[in-house]
Structure formats: C-alpha cells, structure tokens
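Engineer: This is the structure I want to talk about, given as structure tokens.
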Amino acid sequence: MQPQESLREISGLRLRFQMNNRLRLESLAALSKVFREYGEPISDQLLASLVLALPDELHSYGGVMAKDCQPEPGAPGPGPTGVPGPGSGA
C-alpha cells in the first residue's frame, strides 16, 4: 500500500469516527473490554483520548515509538500493572 493511500485511508477512518458517534462508542467499548479481559487498567480519560494514526504520523509529530523507549540494561521494569514501581525514577 502506498504511503499516500494509507494516509487517505486513516484520515477517512478518523473522519468517520468523528461523524458517527455510535461507531466511536462501540469501538471504545470493545477496546475497553479487551483491556479489562487482559487485566490492563485504562482510565476513561485515556480511553476517550485515543486517536487512530499511522506510525509515520506519530513519529513525524514528535510521538514516541515503542522502540525508542527501550529500558537500559539492568533497569527495573514496570510492575504488574504496567506502572513503574517505587524508586524507578518515573
């Protein structure tokens, strides 16, 4: 798929999410259910702020990619809830 074609598709999908409230609500409900089933806490505010984007869009707007957040060797990892533990400097 061409980059311009991908950008057009994601832009159209974002517009449909904005215009179709039921589509947005159903999608957020499904995402919430998935996070709940896997024991991953997510706040209503965070869930409501999720935005559909392509990786290139995130990177070009200063977003942080997962590969850019590799922990230093020997650094403590996140706790069981995905939140760094005390004394981890976060």
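Engineer: Any residue in segment 58-67 that is more than 15 Å from the chain's Cα centre (by Cα), outside any loop (DSSP other than H, G, I, E, B) and at pLDDT below 80?
Structural biologist: Within segment 58-67 (the criterion being more than 15 Å from the chain's Cα centre (by Cα), outside any loop (DSSP other than H, G, I, E, B) and at pLDDT below 80), the answer is yes, since at least one residue qualifies.
Engineer: Quick one: would you say residue 32 is in a helix (DSSP H, G or I) and within 13 Å of the chain's Cα centre (by Cα)?
Structural biologist: Details: in a helix (DSSP H, G or I): yes; within 13 Å of the chain's Cα centre (by Cα): yes.
It is true that residue 32 is in a helix (DSSP H, G or I) and within 13 Å of the chain's Cα centre (by Cα).
The values are calculated or read from the model by the stated rules, or taken from the named source; none is laboratory data. Note that this is a predicted model, so its numbers are computed, not measured.
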